[in-house]
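Asks: Sharing a structure with you now.
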Amino acid sequence: MPEFQGSISSKLPKVGTTIFSIMTGLANEHQALNMAQGFPDFACSPKLIELVNKNMNKGLNQYAMMPGVPLLREKIAEKTETLYSAVYHPETEVTVIPGATLGIYAAISAVVKEGDEVIILEPAYDSYLPAVELNGGRPVFAELKFPNYQVDWDEVRKLITFKTRMIIINTPQNPSGMAFSALDMEKLQKLTENSDIIVLSDEVYEHILFDGLEHQSVARFPKLAERSFIISSFGKTYHNTGWKMGYCLAPENLMREFRKIFQYMVFSVNTPIQYALAEFMEDMDEYLHLNAFYQAKRDLFQKSLKGSKWKILPCQGSYFQMLGYEKITHESDQEYARRLVRENKIAAIPPSSFYRKANDHHVLRFCFAKENDTLKQAAEILQEI
């Protein structure tokens, strides 16, 4: 195909292929264990697949309503009220989305204008920054404090100006595995009181917390909830990330603006899957058991690494484990992650990719949403290093 000869001015001149695609490509090339990209290597519930097939065979294969199938929105609202004592009206305050990343982009697009400042906590999931920049916003960064990745709220306070439009948070946090405490949320609530600041809360790992911790959704805090978009994921909850299904919660005035953008991005989401999820959500155990399910995997992975040269950092939630390698090599995390794939046949993510200045703490992120045999195989490889 002949190339276009006219001038092209890139809207994201510093952006290339994501680190997830790079490391997965390397894993495939070298036939390595892929502990990099955040997806399970086990199947989702056969019952859920049966429900999708049932709804396809019923003929529910045409466009859904733009905000989502009403029954599913009702089930989402019921779940939110049960877990967090927060009431969201399914008609005006719940929208079904095709994956969390699109929901995050739509929420940013809905409220961030040219010159608005958006505070991002680093290390940050890599879609936040380009979404802000594409909408003319100015990113402002606060770093979580290594090695526990805690928020310095005094530092965040100093970054707030009259131009601050949004603060983006993520709990449990990707890539660090840190989870916000109730005190964190109270500090954020106090920080944003009597302001026009909107909070975008990425809560896709809301059902994956460990050691008795409870998820501190912004929905639990009324003064925060009234200024917040919450993004959640069915894919992370039900082990089917490839279905790209999630939802957004927001008060009516924010959701109105969200839907204005959303309707021109995708209009509506996969219809038979929505009906299937609505029925599947009736069984609360399918998400309430996830804490124990993934803690067992985290504990197995950590236990299998005892006595190795790897330093096991705290992991309070999500399905990511950060491992320090200072006793192994002085290479950068980018260099070592690539060598690990080539020489040891195991892929991880270098967290410097989640910092705009490529901060390197000599750690790698490993996904433990894997079969137990996969985790044992990974640990054997890492033990031999």
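All of the numbers you see were taken from the coordinates with simple rules; none came from a lab. Quantities reported herein were computed from a predicted structural model and do not represent experimental measurements. Please note: Cβ atoms are built from the backbone with ideal geometry, for glycine as well, and neighbour counts cover all protein chains shown.
Asks: Grab the other residues whose beta carbon is less than 10 angstrom from that of ILE328, score K and R as +1, D and E as -1, and report the net. Write out the running numbers ahead of the final one.
Replies: Details: positive: LYS309, LYS311, LYS327; negative: GLU326, GLU331.
For residues surrounding ILE328, the net value is +1.
Asks: Convert each backbone phi in the stretch 146-159 into a coupling constant with the Karplus relation 6.51 cos²θ - 1.76 cosθ + 1.60 (shift: θ = phi - 60°), then list the ³J(HN,Hα) values in order as whole Hz, x for Gly and Pro.
Replies: 5, x, 8, 6, 8, 7, 9, 5, 5, 5, 4, 4, 5, 7
Asks: Which value, in debye to the nearest 20, describes the size of the charge dipole of the chain about its Cα centre when Lys and Arg Cβ atoms bear +1, Asp and Glu Cβ atoms bear -1, and nothing else is charged?
Replies: On the way: 41 positive and 47 negative charges, 109 e Å.
Computed about the Cα centre, the dipole is about 520 debye.
Asks: Would you list, by chain and number, the lysines whose Cα falls below 18 Å from the Cα of LYS14, excluding same-chain residues fewer than 8 positions away?
Replies: Filter leaves LYS357.
Asks: Classify the stretch 128-216 as rounded, prolate or oblate, taking a ≥ b ≥ c as the square roots of the eigenvalues of its Cα gyration tensor: rounded when a/c is under 1.5, otherwise prolate if a/b is larger than b/c and oblate if not.
Replies: Verdict is prolate for the stretch 128-216.
Asks: List the residues, sorted by chain then number, that are 5 or more residues from ALA36 or on another chain and whose placed amide H is less than 5 Å from its amide H.
Replies: Here the answer is ALA347, CYS367, since their amide H atoms fall under 5 Å of that of ALA36.
Asks: Can you tell me what the convex hull of the Cα atoms of the chain projects to on average, as an area in nm²?
Replies: Working: hull surface 82.2 nm².
In nm², the orientation-averaged hull projection of the chain is 20.6.
Asks: Continuing with this model, one more query. Please report GLU206, GLU384, GLU186 as a ranked list, fewest other C-beta atoms within 10 angstrom at the top and most at the bottom. Please report the intermediate quantities before stating the final value.
Replies: Values: GLU206 26, GLU384 8, GLU186 15.
Arranged by neighbour count, lowest to highest, GLU206, GLU384, GLU186 become GLU384, GLU186, GLU206.
Asks: Which listed residue (GLY115, PRO13, LEU313) has the Cα farthest towards the positive end of the charge dipole for the chain, taking +1 on Lys and Arg C-beta and -1 on Asp and Glu C-beta about the Cα centre?
Replies: Farthest towards the positive end: PRO13.
Asks: Now for a separate question. Taking the simple approach of a point 7 Å from Cα along Cα-to-Cβ for both PHE20 and ALA292, what is their distance in nm?
Replies: Modelled inter-label distance: 3.0 nm.
Asks: Could you compute the net charge surrounding TYR88? Neighbours are other residues with a C-beta less than 15 Å from the C-beta of TYR88; K and R count +1, D and E count -1. Could the numbers behind the result be given before it?
Replies: Values: positive: ARG73, LYS75, LYS79, ARG220, ARG227, ARG256, ARG259; negative: GLU74, GLU78, GLU81, GLU91, GLU93, GLU203, GLU206, GLU226, GLU252.
Charge balance in the 15 Å sphere: -2.
Asks: About the Cα centre of the stretch 255-335, what is the dipole size in debye to 20, counting +1 per Lys and Arg Cβ and -1 per Asp and Glu Cβ, all else neutral?
Replies: 320 debye
Asks: Considering only Cα-Cα distances, which of the following residue pairs are longer than 18 Å: LYS187/LYS223; LYS303/LYS370; LYS145/LYS370; LYS11/LYS113; LYS345/LYS370?
Replies: LYS145/LYS370
Asks: Right, here's the next one. So, in nm, how far is label ASP299 from label GLU326 when the simple model puts each one 7 Å beyond its Cα toward the Cβ?
Replies: So the label points at ASP299 and GLU326 sit 2.9 nm apart.
Asks: Related question: With unit charges on the beta carbons (Lys and Arg positive, Asp and Glu negative) and the dipole taken about the Cα centre of the chain, which residue among THR82, ILE208, ILE167 sits farthest to the positive side?
Replies: Checking the options against the dipole of the chain, the answer is ILE167.
Asks: Also, quick follow-up: Can you tell which of GLN37, GLY242, ASN55 lies farthest toward the positive end of the dipole of the chain, using +1 and -1 charges on the Cβ of basic and acidic side chains (Lys, Arg; Asp, Glu)?
Replies: The one lying farthest along the dipole's positive direction is GLN37.
Asks: Give me the one-decimal nm value for the distance between modelled label points at GLU186 and PHE4, 7 Å along each residue's Cα-to-Cβ direction.
Replies: 5.4 nm
Asks: Under a straight-distance cross-link criterion of Cα-Cα below 18 Å, which aspartates and glutamates are reachable from LYS158, leaving out those fewer than 8 residues away in the same chain?
Replies: Reachable aspartates and glutamates: ASP116, GLU117, GLU122, GLU143, ASP184, GLU186, GLU193, ASP196.
Asks: Still on this structure, I have one more. Mind ordering 51-64, 116-129, 290-303 by average Cβ neighbours within 10 Å, highest first? Show your work: numbers first, answer last.
Replies: Working: 51-64: 14.0, 116-129: 21.4, 290-303: 17.1.
Going by the mean number of other Cβ atoms within 10 Å, highest first, we get 116-129, 290-303, 51-64.
Asks: Using Cα pairs under 8 angstrom and six or more residues apart, how large is the relative contact order of the stretch 59-286, in percent? Write down the numbers at each step before the final one.
Replies: Details: 409 pairs, mean separation 64.8, N = 228.
Dividing the mean separation by the residue count of the stretch 59-286 yields 28 percent.
Asks: Give the shape of the stretch 191-245 as rounded, prolate or oblate, defined through the alpha-carbon gyration tensor: a ≥ b ≥ c are the square roots of its eigenvalues, a/c under 1.5 means rounded, and otherwise the shape is prolate if a/b is larger than b/c and oblate if not. It would help to have the intermediate numbers written out before the result.
Replies: On the way: a/c = 3.85, a/b = 1.68, b/c = 2.30.
Verdict is oblate for the stretch 191-245.
Asks: Could I ask something else about it? Quick one: dipole size for the stretch 59-286, taken about the Cα centre, charges +1 on Lys/Arg Cβ and -1 on Asp/Glu Cβ, in debye to the nearest 20. Show your work: numbers first, answer last.
Replies: Numbers: 20 positive and 32 negative charges, 132 e Å.
The calculation lands at about 640 debye.
Asks: In addition: Using only DSSP helix segments of four residues or longer, with each worth -39500 (n - 2.57), what per-residue ellipticity at 222 nm results for the chain after dividing by its residue count and rounding to 500? Before the final figure, lay out each step's value.
Replies: Working: 15 runs with 151 residues, N = 385.
Mean residue ellipticity, 222 nm, calculated: -11500 deg cm²/dmol.
Asks: Counting Lys +1, Arg +1, Asp -1, Glu -1, what net charge surrounds SER217 among other residues with beta carbon under 9 Å of its beta carbon? Show your work: numbers first, answer last.
Replies: Working: positive: ARG220; negative: GLU203, GLU206.
Its environment carries a net charge of -1.
Asks: Which peptide among 86-93, 31-38 comes first, and what is the full order, when sorted by highest mean count of other Cβ atoms within 10 Å? Mind showing how you got there, number by number?
Replies: Details: 86-93: 17.4, 31-38: 21.0.
Answer by packing, highest mean first, reads 31-38, 86-93.
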